[in-house]
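Let me begin by presenting the structure, written as structure tokens, before commenting on it.
The values are calculated or read from the model by the stated rules, or taken from the named source; none is laboratory data. What you are looking at is a predicted structure, and each value in this text was computed from that prediction instead of being measured. Glycine also receives a Cβ, built like all others from the backbone with ideal geometry; neighbour counts cover every protein chain displayed.
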Amino acid sequence: MNNFQYYNPVRIVFGEGQIEQLSDLVPNDAKVLITYGGGSAERTGTLDEVRKALATNGNREVFEFGGIEPNPEFNTLLKAADMVNEHNIDFLLAVGGGSVIDGSKFVALVSSLTEDDNADRTVSREKAWDALLSGCANIDTAIDLGAVLTIPATGSEMNNGGVVNHSERQAKLPFRSPLVFPKFSILDPTKTLTLPERQVMNGVADAFVHVMEQYLTYPVNAKVQDAFAESLLKILIEEGAAVKADPENLETRKNIMWTATMALNGLIGTGVPQDWTTHMVGHELTSLHSIDHARTLTILLPSVLRELKESKKDKLLQYARNVWAIDSNSDTKQDDDSIIETAIVKTENFFRSLGLPVSLADEKLDESAIDPIIKQLEAHNMVKLGEHGNNDLEVSRRILERSL
Ligand code: NZQ
Ligand code: ZN
């Protein structure tokens, strides 16, 4: 196991009816900006519950900013950042999924990047863009934020990262800062019952691939992380099928919600090499073709595993054995290559069973899509991906070709 520090200060408040805890969790005298997405939070009554809880104690002043898109848009977020400065907001409350939470983290970070000599404290678009280009690494102050999670998928509710999309620049870029760990996140699994099936399945797949990015590399004898990761994968396989068969089952929803949070709260990634090739190439697919985040991952992951099967061989065999119970000692003894291929095919079948694409063709793309993706990867300096840092543009091209 490699050296590591693990720090996660996010208070998780889990369970039905827990939104009312906001009356204690948000400071009594805060100037709060509730941020939300395209309307689901209003439609489902979640926003009303939030408003009511915030009005219960104390003396809070509450403002609202709606319209944060899936794959949150830079320009929209800067409008929210201007609102933060206009009203001297000191607490952001994100009500939604990864997009709203990520977007609110970005707002929390960039609202201090105002134009020079500007009395109304408008945020500088250039400074904010430069900050995103450098992953927000150099920002040393942020507004406090909390989250009410309505879709289990990204882990944003318990981590310090986010991804922001800039459509005009065709760029979807990640950022990270210890300043944007939420102060708390409320996880009420009943809130996920209103999700369309497509979003439920996207969430299961996103969480699955988060685990794979941190697990399917090479062994460093990290037994806790490996066993934990394998358990999360097995739960997602089981509960993915269960939620498809019985979407109203709240116990299933609870397990999916907590699993997705655990998949990317830093724990299983401590002290182990991590990959993230699937995600970085996937971001380009979203920004060029507006494919849902999770669906880019299910298209690419099987090809990443096939293309890199030599360097990932030990872990692929471990994955086959411990997650898919493919027994190398059985009578019908298979060689390593066929064990690995069987595990990858099982992974594809799992994605398919959730209604997710496993090839570019499934999303109506052909080889003409590949050159522009490679160009964008180069423009965004995604030229040394993977746990060994040697997935260059040629490797990414081969991965995409395998995904046709
Ligand atoms: O916008 P509204 O109307 O709210 O509708 C949303 C949206 O259309 C809807 N929705 C959310 N909760 C609902 C609901 N509909 C009915 N009932 C509910 N309870 O679901 C749609 C998708 O929402 P979104 O927030 O976009 O989904 P998700 O949580 O999958 O977030 C995806 C974003 O997170 C980023 C992705 O790149 C993408 O931009 N990621 C963030 C990560 C992180 N911070 O660590 C890691 C991930 O790898 C991921 O990259
Ligand atoms: Zn993801």
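Odds and ends about this structure:
- Taken over the range 50-99, the criterion of being farther than 14 Å from Gly146 by Cα, of a type in the set (Phe, Trp, Tyr) and either within 16 Å of ligand 2 (Cβ to nearest atom) or part of a strand (DSSP E or B) (or both) is satisfied by Phe63, Phe65.
- For Gly355, the conditions (1) assigned to a loop (DSSP other than H, G, I, E, B); (2) out of contact with any helix residue (DSSP H, G or I) (no Cβ under 6 Å at 6 or more places or on another chain); (3) of a type in the set (Gly, Ala, Ser) all hold with the exception of (2).
- Strands (runs of 3 or more DSSP E) enclosed by the range 123-240 - at least 2 residues per element that are away from ligand 2 (no atom under 16 Å from the Cβ) and under 30 Å from Glu251 (Cα atoms): 144-149, 184-187
- Single match in Leu54, Leu109 (criterion: in contact with a strand residue (DSSP E or B) (Cβ under 6 Å, 6 or more places away or on another chain) and either β-branched (Val, Ile, Thr) or surrounded by 14 or more Cβ atoms within 10 Å (Cβ to Cβ) (or both)): Leu54
- Selection of first residues in the range 218-232 that are of a type in the set (Asp, Glu) and of second residues that are not in a helix (DSSP H, G or I), restricted to Cβ pairs under 7 Å at least 6 apart or on distinct chains, gives the following pairs, ordered by first then second residue: Glu230/Val323.
- Test for Asn85: is it surrounded by fewer than 23 Cβ atoms within 10 Å (Cβ to Cβ), under 29 Å from Asn202 (Cα atoms) and modelled with pLDDT of 95 or more: no
- Selection of first residues in the range 234-254 that are surrounded by fewer than 21 Cβ atoms within 10 Å (Cβ to Cβ) and of second residues that are outside any helix (DSSP H, G or I) and at pLDDT 95 or above, restricted to Cβ pairs under 7 Å at least 6 apart or on distinct chains, gives the following pairs, ordered by first then second residue: Lys234/Val323; Ala242/Asn249; Lys244/Leu354.
- In the range 146-161, the condition of being away from ligand 1 (no atom under 12 Å from the Cβ), farther than 29 Å from Ile237 by Cα and touching a residue at least 24 places away in the same chain (Cβ under 8 Å) is met by at least one residue.
- Odd one out for Asn249, checked against (1) away from ligand 2 (no atom under 16 Å from the Cβ); (2) within 15 Å of Asn202 (Cα to Cα): (2)
- Per this entry, Ser290 is counted among residues that are among the polar types (S, T, N, Q) and either farther than 16 Å from Leu385 by Cβ or within 16 Å of ligand 2 (Cβ to nearest atom) (or both).
- Selection status of Asp130, within 11 Å of ligand 1 (Cβ to nearest atom) and either at pLDDT 95 or above or surrounded by 15 or more Cβ atoms within 10 Å (Cβ to Cβ) (or both): no
- Among the candidates Gly67, Gly39, Gly97, Gly58, residue that is over 17 Å from Ser156 (Cβ atoms), near ligand 1 (Cβ under 8 Å from one of its atoms) and not charged (D, E, K, R): Gly39
- Answer residue from the range 147-175, given it is under 15 Å from Gly103 (Cβ atoms) and among the charged types (D, E, K, R) and is surrounded by the fewest Cβ atoms within 10 Å (Cβ to Cβ) among those: Lys172
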